[in-house]
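Presented below is the structure to which this report refers.
The values are calculated or read from the model by the stated rules, or taken from the named source; none is laboratory data. In this text, all values refer to a predicted model and were calculated from it rather than measured experimentally. All Cβ positions, even for glycine, are placed from backbone atoms using ideal geometry, and neighbour counts span all protein chains on display.
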Amino acid sequence: MERLFSRENRISSFGWFFPTPTKDDRGIVPAPPEAVLKKDELKESWLKEKGHPQELRLVSLSPTTANGQTGYQVRAEIFIRGVKEN
């Protein structure tokens, strides 16, 4: 079975936190423009860099809570594709 996104396969992870409310009385609040810009910059530069053939790069933007403060986090992660034998 191939495992792409496991802790054992992650070799590096970088994150940027953008403090902001993530919900209000009408529902989910969109991510701030700075967070969207950071995600887009990573997708257009870092994500397209050539790495090892088994390397899988991932960029994500999601709501989170850090140190008791809500906000959005942009993550850039590198995983190595691996196979786990049963």
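In region 18-33, the residue that is farthest from residue 77 (Cα to Cα) out of those that are among the hydrophobic types (A, V, I, L, M, F, W, C) and touching a helix residue (DSSP H, G or I) at 6+ places or on another chain (Cβ under 9 Å) is 31. Taken over region 33-45, the criterion of being exposed (fewer than 14 other Cβ atoms within 10 Å of the Cβ) and hydrophobic (A, V, I, L, M, F, W, C) is satisfied by 37 alone.
The residues of region 10-39 that are modelled with pLDDT of 95 or more and of a type in the set (Lys, Arg), listed by number, are 38, 39. In region 34-59, the residues that are under 17 Å from residue 73 (Cα atoms) form Cβ pairs under 6 Å with partners that are in a helix (DSSP H, G or I) and of a type in the set (A, V, I, L, M, F, W, C), at six or more places apart or across chains, as follows: 57/47; 59/42; 59/47. Please work out which residue is farthest from residue 18 (Cα to Cα), limiting yourself to region 51-65 and to residues that are modelled with pLDDT of 85 or more and touching a Gly at 6+ places or on another chain (Cβ under 9 Å). Among residues in region 51-65 that are modelled with pLDDT of 85 or more and touching a Gly at 6+ places or on another chain (Cβ under 9 Å), the one farthest from residue 18 (Cα to Cα) is 57.
One residue is enough: does region 27-44 have a residue meeting the conditions part of a strand (DSSP E or B) and of a type in the set (A, V, I, L, M, F, W, C)? Within region 27-44 (the criterion being part of a strand (DSSP E or B) and of a type in the set (A, V, I, L, M, F, W, C)), the answer is yes, since at least one residue qualifies. Consider region 60-79 and keep the residues that are in contact with a helix residue (DSSP H, G or I) (Cβ under 8 Å, 6 or more places away or on another chain), among the hydrophobic types (A, V, I, L, M, F, W, C) and in contact (Cβ under 8 Å) with a residue 40 or more places away in the chain. The one that is surrounded by the most Cβ atoms within 10 Å (Cβ to Cβ) is 74.
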